[in-house]
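Single-structure report; data block below.
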Ligand SMILES: *Cc1c(COP(=O)(O)O)cnc(C)c1O
């Protein structure tokens, strides 16, 4: 089966094979592996030794994002969230339920937020300490660019929390260029092509040290993760981790380096997205985003108006042909989404387009423009 979803992604057989072992997380051999993973990940983030630390947490992206908000935004503090997509909606809910005051900056999910919009919102409310931004909005496929937004946050003297869950490792980003970033978060199972199970934060050490006592949670306190590392070593976890997922992630990092790191991965995903964005139009379908706003992670497509089209039967027809896409959508109008990330190539995307053409024929979908 070819998995074309934005996480968990299609992985390489070598990566999956690394899971087929029993491991004691505190075993000294494994501690060395885990400590090395933390350094490798900090390097990919463009972090510097002594200035940035990798602070992993068991679980999914929502967990690491909640931990970042709880740790860096003080209790009752205020943060600005550019709300231009489904994952931004989730960040709004996470922050609100953690008792932080959210100032939402609503925008369409068809284009990135602009530096002017951020600057105006920050100027209007000096009580906002942080901006929490979704890097790649996995609901539609747009990219909010930290190279554009970071300077506006910096100029306003505020801090940035970056949800780079579906972008990290593929889209260009370096902490070294962004002193305004307190923390960037991501997971093992998206663009780094590992299995799901671990969330990562790479954070500024000075800011982590200043945030002790903020979290109001032991589990979700990144400053406690940091303090634990200082006491027990960088190879130690506080609680039982998804240790097989970590072993697989280590192999995934080897493959990442062999491929050529971020520039190579970005180029492959970009080409996947280009092939797909063009290919659906050749099938008579309409992409949700204009090409100039289309990121390399997912391509979202309007559902055709033809009454013969329904999403689940379409997904089923594709699955019978060996291609699995999401059976839900995250935009305000009906769409379907196709992941361009993971161990998939432009050739795979062409194969998926052929399968899509057959599936539409099988269902008798002739009017393919959106309603
Ligand atoms: C995948 C994703 C998350 C986290 O999703 P989980 O299901 O909790 O792993 C968060 N933010 C973005 C932008 C994502 O793409």
| remark: Whole-number value, in Å³ per residue, for the convex hull of the alpha carbons of the range 13-257 is 110 Å³
| field | Pairwise label distance in nanometres, residue 281 with residue 259, each label 7 Å out on the Cα-Cβ vector | value | 2.6 nm
| task | With a/c under 1.5 counting as rounded, go ahead and sort the range 50-187 into rounded, prolate or oblate using the C-alpha gyration tensor (a ≥ b ≥ c being the square roots of the eigenvalues; past the cut-off, prolate if a/b is larger than b/c, else oblate). | result | rounded
| query | Helix 86-97: angle to the longest alpha-carbon principal axis of the chain, degrees 0 to 90, nearest 10? | reply | 30 degrees
| Distance in nm between label sites at residue 101 and residue 321, each 7 Å beyond Cα in the beta-carbon direction? | 5.3 nm
| remark: With Cα coordinates, the longest principal axis of the chain makes an angle with the long axis of helix 146-155, in degrees rounded to 10, of 40 degrees
| Antiparallel bridge percentage (DSSP; both residues within the chain; nearest 5) | 50 percent
| request: Give, in nm to one decimal, the length gained when the segment between residue 354 and residue 1 is fully stretched (0.36 nm per residue of separation minus the Cα-Cα distance). | output: 125.6 nm
| For the range 105-177 and the range 265-282, what is the separation of their Cα centres, given in Å? | 25 Å
| Nearest-ten-degree value, helix 28-44 long axis tilted from longest Cα axis of the chain | 70 degrees
| Gain in span if fully extended, residue 238 to residue 267, counting 0.36 nm per residue against the direct Cα distance | 6.7 nm
| remark: A student asked for the Cα radius of gyration and Dmax of the range 261-363 in angstrom ought to give 13.1, 44
| task | Determine the gain in length on full extension of the stretch residue 21-residue 311; use 0.36 nm per residue of separation and subtract their C-alpha separation, reporting nm with one decimal. | result | 100.6 nm
| Using the Cα atoms as the points, what is the convex hull volume per residue of the range 169-210 in Å³? | 66 Å³
| field | Distance-filtered residues of the range 101-122 - backbone nitrogen under 19 Å, label point 7 angstrom along residue 177 Cα→Cβ | value | 112-116
| message | Given a Förster distance of 35 Å, report the FRET efficiency between residue 123 and residue 218 from their Cβ-Cβ distance, rounded to the nearest 0.05. | response | 0.40
| Taking the simple approach of a point 7 Å from Cα along Cα-to-Cβ for both residue 116 and residue 227, what is their distance in nm? | 4.6 nm
| said: Kirkwood Rh and Cα-based Rg: tell me the resulting Rg over Rh for the range 20-116, rounded to two decimals. | reply: 1.09
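Values in this text are rule-based calculations from the coordinates and carry no lab data. The model shown is predicted, which means the values in this text are computed figures rather than measured ones. Virtual Cβ from ideal backbone geometry, glycine too; neighbours counted across all protein chains shown.
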